[in-house]
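The values are calculated or read from the model by the stated rules, or taken from the named source; none is laboratory data. Keep in mind that this is a model prediction, so the values were computed, not measured. Cβ placement follows ideal geometry from the backbone for every residue including glycine, while neighbour counts extend to all protein chains displayed. Just the protein is used for accessible areas: all its heavy atoms, side chains included, with ligands, DNA and RNA removed. Shrake-Rupley method; radii C 1.70, N 1.55, O 1.52, S 1.80 Å.
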Amino acid sequence: MADLSKILSAHIVSALLATAPALAQESGTAAESETGDAPAAAAEPQSPASDLALGEPVTDPNAPGTTYDKESHGDWTVRCIRTEDGNDPCQLYQLLKDGQGNSVAEISMFALPETEQPAAGATVAVPLETLLTGQITLAIDSGQPKRYPFSWCLQTGCFARIGFSDAEVAAFKAGSKATLTIVPLVAPDQRVDLTLSLAGFTAGYDAVASLNAE
């Protein structure tokens, strides 16, 4: 069976692999003569290496710690993380978008060993501009909503680690959709409702459980 700690950390590793865009800054100086006229700037001597481009390291897409999509089930993707021994832990992944098609959140789920409770775990990632004290609210179809706290934040966003009981996993398998709600930091009196499709959940969840048990 795959190491549970590898499964729990797979989403964190993929988040850390994301790179932030570089920032460019321009600066300049000007000198004025005693008469108020600015003298022409003197040309700087050109170094022989001034027109040479510096190379950037290339990340091996197959290196341990990188993620890959193994298969799809309905609206869910089986996403795995490469390990040195080839025993890659996998999770069931879905990207959540708002009504305008903007990517807002993502969720990764996986089954836990039958001898443990909760029965399943999940990691939910949301933007940094989320009100953390507002927590995450999740409701399956018309069922009773439940609220979950955030666990940590990185430069790429904030994350909540959630546990689901056997009954909740069964509700996911029997349901058609779930609603995940977050609160914007700039508008704490508003709510952002995101639809989590459950199409393909049962097949994907069982596939992940089977892969992680190998």
Q | Full-stretch length increase - residue 128, residue 187 - with 0.36 nm per residue and alpha-carbon distance subtracted | A | 19.9 nm
Q: Tabulate in residue order the Karplus-calculated ³J(HN,Hα) for the range 186-192, using 6.51 cos²θ - 1.76 cosθ + 1.60 with θ = phi - 60°, rounded to whole Hz; enter x for Gly and Pro.
A: 7, 9, x, 8, 10, 10, 10
Q. Between residue 165 and residue 85, what is the spin-label point distance in nm, taking each point 7 Å from the Cα along the Cα→C-beta axis?
A. 3.4
Q) Relative to the compact globular guide of 2.2 N^0.38 Å, what is the alpha carbon radius of gyration of the range 162-214, as a ratio? A) 1.48
**Q.** Accessible-area composition of the range 69-214, carbon plus sulfur, in percent [1.4 Å probe]
**A.** 48
Q: Amide H neighbours of residue 65 under 5 Å, at least 5 residues apart or on other chains, H built in the peptide plane: list them.
A: 82, 83
Q. If you roll a 1.4 Å probe over the heavy atoms of the protein chains, what accessible area per residue do you get for the range 107-214, in Å²?
A. 48
Q: Rounded to whole Hz and in sequence order, give me ³J(HN,Hα) for the range 91-102 from the Karplus expression 6.51 cos²θ - 1.76 cosθ + 1.60, θ = phi - 60°, writing x for Gly and Pro.
A: 9, 9, 10, 8, 8, 9, 10, 7, x, 8, x, 7
Q. Residue 174 to residue 146: FRET efficiency via 1/(1 + (r/R0)^6), r the Cβ-Cβ distance, R0 22 Å, to the nearest 0.05?
A. 0.85
Q | Restricting the range 79-148 to trypsin sites (Lys or Arg not before Pro) in coil, as DSSP defines it, with at most 10 other Cβ within 10 Å | A | none
Q) If you place +1 on the Cβ of every Lys and Arg and -1 on the Cβ of every Asp and Glu, how big does the dipole about the Cα centre of the range 138-214 come out, in debye to the nearest 20? A) 200
Q: Note the direction-averaged projected area, equal to a quarter of the hull surface, for the Cα convex hull of the range 53-171, in nm².
A: 11.1
Q: Provide Rg and Dmax in Å for the range 109-184, with only Cα atoms included in the calculation.
A: 13.0, 38
